[in-house]
Each structure stands twice: as structure tokens, then as C-alpha cells.
1. Any idea what angle helix 57-66 forms with the longest principal axis of the chain, computed on alpha-carbon atoms, 0 to 90 degrees, nearest 10?
2. Dividing the alpha-carbon radius of gyration of region 260-398 by 2.2 N^0.38 Å (N being the number of residues), what value is obtained?
3. Which percent of Cα-Cα pairs in the chain sits in each 10 Å bin, short to long?
4. Measuring from the lowest to the highest alpha carbon on each principal axis, how far does region 241-336 reach, largest first, in angstroms?
5. Mind checking the angle between helix 299-308 and the chain's longest principal axis? C-alpha axes, 0 to 90 degrees, to the nearest 10.
6. Run the accessible area of the chain with a 1.4 Å probe and give the carbon-and-sulfur part as a rounded percent.
7. If every alpha-carbon in region 57-182 counts as one equal scatterer, what log10 I(q)/I(0) does Debye give at q = 0.15, 0.19, 0.21 1/Å?
8. Of the listed pairs LYS92/LYS224; LYS247/LYS365; LYS216/LYS252; LYS137/LYS240; LYS108/LYS368; LYS92/LYS216, which have alpha-carbon separations greater than 29 Å here?
Amino acid sequence: MKAIEIAPDIFSVMANISNQDLFEGIWPIPQGVSLNSYVVRGEKVALIDLVKDWEHAIEEISEQLGTLGLTLESIDYLIINHMEPDHTGWLKEMKEKNPGLQILCSKKAVPLISAFYGIEDGVTAVGSGDELDLGGKKLLFEDTPNIHWPETMMTYEPESGVLFSCDAFGSFGQVGEHVFDDQLTEEEMSFYESETERYYANIVSTFSAFVERGIKKLAHFDIKLIAPSHGILWRENPKKIIDHYLKLASYKSGPAEKEVTVVWSSMYGNTQQLLDSILSGLESEGVKAHVHRVPQEHVSFVLASAWRSSGIIIGTPTYEYKMFPPMYAVLDVMERSHVLNRKAFRFGSFGWSGGAQKQYEEFIKAMKWDCSGSVEYQGAPTEEDKRRGYDMAVEVAKKVKAWV
Ligand code: FEO
């Protein structure tokens with residue numbers, strides 16, 4: 001891949017990571033992920049965001065800098081918008097190669113750079129209202145805390161209107177030669193929109209209130225192009241991804257989409273026996289269902305469905321006096337990700353004693369779910385249990401449809 005000029009004297013340099021690893025050590029990336037850095041060339045040269053030593057990322061970035069006649073040693077300024085190691089992992093080696101490198105970051109990032117990489121020399125704190133004059137090009141900074149870590153900021157180039165937004169407005173998925181929204185087919189755009197939602201649910205959702213605040217803070221910039229640090233660039237319609245983010249952030253308190261996520265586990269098929277009744281109940285109300293079985297499906301995909309759904313139905317048996325462990329892990333991730341204020345109910349089987357229900361109630365209290373009740377039974381469900389499951393699914397579907 002070559003460096004691509006995205007605006008006069010502003011270039012993307014990207015590393016595409018394959019699907020062999022997990023993002024943040026937890027999230028699957030079946031179509032990989034891109035790590036995007038950017039070069040802004042005035043009389044001095046700034047590199048915005050770095051990469052970590054992941055697959056061939058360093059070689060890819062170096063080669064693309066080479067196509068611009070640059071080397072890692074010839075960069076004057078490194079702008080660190082966000083300290084997470086996918087954007088800084090190679091910082092220590094970079095500073096050793098280029099001891100004169102000036103690092104600009106937010107005030108909160110300064111101690112982190114010391115803690116992660118032992119670097120204190122040549123580090124300057126910047127924030128909202130500050131600017132860097134490269135000679136013929138200026139960079140402005142805006143603190144946007146918690147999109148994604150507390151120290152996060154964004155960088156803006158006023159002449160071209162390019163916003164370097166780091167994690168915000170990003171997605172999973174590798175990026176090919178076509179890096180702009182207006183170069184993609186409908187199918188490609190649909191893929192990135194879907195991976196934007198999964199990325200948001202997995203990485204950003206906990207910080208949705210900060211997303212809303214951060215976007216408000218950007219109002220004084222005339223944004224013509226959004227250049228995130230993962231995924232495609234938004235040139236034709238930057239407002240589209242901003243609006244998409246605002247919509248995703250609004251799901252934190254509901255209503256989200258008029259859809260229901262059904263997450264179920266079953267040890268011997270007894271919990272599973274209620275599934276058809278529940279799906280029939282949802283279908284009778286014309287409500288779309290996203291159905292996931294755990295642990296067979298990764299929580300990353302469950303979370304993406306749950307985030308966009310106004311309703312969530314949990315099917316889980318009791319296992320050793322408590323909730324079936326893979327489902328407990330899913331609900332724990334949902335709680336951390338602030339999947340709040342959903343319409344819900346639970347079904348499931350137990351053998352000698354219950355226990356799952358107690359833990360479910362703790363989760364729904366923490367996440368403020370409006371629960372229609374539970375259908376819990378010993379062993380296999382009776383016809384009456386199935387009828388109740390159907391009725392509760394209908395009730396959840398009706399609540400979801402009525403929620404405005
Ligand atoms: Fe792409 Fe929060 O790092």
C-alpha cells in the first residue's frame with residue numbers, strides 16, 4: 001500500500017492487521033483491522049498517531065513514509081491523540097531511533113507516556129485552544145476525554161478541514177486501496193457500517209455520554225474530512241458518521257432499534273426447548289430478533305446486537321447453584337458496556353436447585369432493565385411454560401414497539 005494524499009500535503013499511512021489476533025486481546029477481527037497514521041507536511045513534518053509492533057505494522061508504515069521521502073527518523077513532531085498501545089506501542093523504539101522527536105499529547109497523557117514507555121524528554125502537553133505551527137500548516141487540538149481513554153484528544157487541520165479523530169468514528173475491518181467513503185460500493189459501505197457498530201459496542205459504548213459531549217465540543221470546527229485511526233475516511237459525507245455515532249450513543253439510555261436480541265445457552269437442550277415459543281412470540285408482533293447462542297458465539301457479536309436492540313431476552317440454565325458461566329460472562333460484559341434500560345425477560349431450566357435467577361436479578365438491577373418476569377422450570381418445560389414464554393416474548397415485543 002502507498003501513502004495516500006487525502007488533502008494537500010496531508011497523507012494517510014496505514015497498516016492492515018490480519019484476523020489472526022484479537023483486538024485488545026479480547027475482540028475477534030474476522031476481517032482484520034487497520035491502524036491509520038497521518039502525515040501533515042509543512043516546513044516541519046508531523047506524524048499523527050503511531051502504531052504498535054503488530055504483524056508488519058512498523059514495516060508498512062516505514063515503507064509508506066519512504067514513498068513520501070520520509071523516514072521515522074525525519075519526523076519532527078509526533079502527535080499522540082490517544083495513549084492506548086495500538087497507537088503508541090512502538091513509541092519507545094521510535095524515540096530511540098529519533099531522539100530529537102517532539103511528542104505532543106494531552107496533559108493527562110504525559111504521565112502515561114512515562115509509565116508505559118519511560119519517556120519524559122521532549123514531551124509537551126497541549127489541549128483545547130492550543131495550536132502547533134508547522135510552517136505553512138497548522139494543527140489545532142481539542143480535548144475529547146474518554147473517546148476512548150481519559151487522555152484522548154483530537155487534532156484538526158483548519159486549511160483542509162481534516163479532523164484526526166483517533167478511535168472516534170472508527171471501525172474494525174482492513175482498508176484497501178479505496179480509503180474514502182465515496183469510493184466504496186454499497187456492499188463495502190454496508191460492511192464498514194456494520195463493523196462501525198460492532199466496534200462502537202465493543203470499544204466505545206461505555207463512554208457514550210462522552211461521545212455526545214465530545215461531538216458538541218467539535219462544533220466550532222468546519223469538518224470536511226474525518227480521518228480516524230481505524231477504518232475508512234469520511235470525505236463525501238462526514239456528517240453521516242457523526243450522526244451515526246450520535247445515534248449509537250443515544251442507545252445508552254434507550255430506546256434503541258425496535259429489535260430484540262435473544263441470547264441463549266443450553267446444557268442438555270431443556271432451556272433450548274423454549275426458544276421456538278419465544279421466537280414465535282416475537283414474530284407474531286413483527287419484531288426482528290437477533291439470536292445468539294453462547295458460548296458458541298463470541299460476546300463481541302452478542303454485544304453488537306444487544307447495543308442496537310431495545311429488548312433483550314436471556315435464556316440460561318442454572319449451573320452449580322449459579323448462572324451458566326458463559327452467560328454470566330456475557331451479562332458481565334453487557335454491564336461493563338452500559339447496555340442499560342432494556343425491555344427484558346429470562347427463561348431457563350434447572351436440575352436440583354435454581355440459582356441463575358438470583359444472579360440475573362442482580363444484573364438487571366445494575367443495568368436498570370425493565371423485566372417482564374421469568375419462566376424458570378425444573379427439567380424440561382411443560383406446555384404451560386412454553387405458553388408463558390410465548391406470552392412474555394409478545395409482551396417484550398409490544399413494549400419495544402411502544403417505546404418512543
Ligand atoms: Fe485504537 Fe483506544 O485505541
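1. Helix 57-66 sits roughly 30 degrees off the main axis of the chain.
2. Relative to the 2.2 N^0.38 Å estimate, region 260-398 comes out at 0.93.
3. The calculated distribution, bin by bin, is 5, 22, 28, 20, 14, 9, 3, 0.
4. 45, 32, 20
5. 80 degrees
6. 51 percent
7. -0.78, -1.28, -1.51
8. LYS92/LYS224; LYS108/LYS368; LYS92/LYS216
The values are calculated or read from the model by the stated rules, or taken from the named source; none is laboratory data. Here the structure is a predicted model, which is why all the values come from computation and not from measurement. Using ideal geometry, Cβ is built from the backbone for each residue, glycine included, and neighbour counts are taken over all protein chains shown. Note: accessible area is taken over every heavy atom of the protein model, side chains too, but ligands, DNA and RNA are not part of it. Shrake-Rupley method; radii C 1.70, N 1.55, O 1.52, S 1.80 Å.
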